[in-house]
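One structure is given here, and the rest of the page talks about it.
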Amino acid sequence: MPIQPIGTIATQAVSALSSSSSSATAPAAGSGAAFSASLGKMLEATNVSDQAANTAVGQMLDGTGDVHEAMIALQQADMMLQLTVQVRNKLVQAYQDIMRMPV
């Protein structure tokens, strides 16, 4: 497993979110679907990162992998999960703010 710089995690997450940003910026009937698709891509990227970390740890335990690679994969998965949780927190906060608005 090649070692990737830690900055690639943010790049992957941003590219997953901004891949449909052109359609999400213009008000259209399908903009909700584009936003949903970008969130789905972010969750997929988080899941892939988690699976890669599990594979790296398994290889480390078998003796076929390196401890450093396993630790890097674990940190990447942790950072992706933290980013996903923060996006979720912002969405919940935005929903709560909208619900508090007087009609």
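The values are calculated or read from the model by the stated rules, or taken from the named source; none is laboratory data. This one's a predicted model, so the numbers in the text were calculated from it and none came from an experiment. Virtual Cβ from ideal backbone geometry, glycine too; neighbours counted across all protein chains shown.
Within segment 70-103, how many residues turn out to be buried (at least 17 other Cβ atoms within 10 Å of the Cβ) and not hydrophobic (A, V, I, L, M, F, W, C)?
Looking only at that region, the number is 2.
When you look at Gln76, is it part of a helix (DSSP H, G or I), out of contact with any helix residue (DSSP H, G or I) (no Cβ under 8 Å at 6 or more places or on another chain), modelled with pLDDT of 60 or more and not hydroxyl-bearing (Ser, Thr, Tyr), yes or no?
No, not satisfied.
In segment 60-69, how many residues are touching a residue at least 12 places away in the same chain (Cβ under 8 Å) and buried (at least 16 other Cβ atoms within 10 Å of the Cβ)?
Within segment 60-69, residues that are touching a residue at least 12 places away in the same chain (Cβ under 8 Å) and buried (at least 16 other Cβ atoms within 10 Å of the Cβ) number 2.
Given the criteria among the small types (Gly, Ala, Ser), at pLDDT 95 or above and in a helix (DSSP H, G or I), does Ala52 qualify? Walk me through how you get there before you give the answer.
On the way: among the small types (Gly, Ala, Ser): yes; at pLDDT 95 or above: yes; in a helix (DSSP H, G or I): yes.
For Ala52, the condition - among the small types (Gly, Ala, Ser), at pLDDT 95 or above and in a helix (DSSP H, G or I) - is met.
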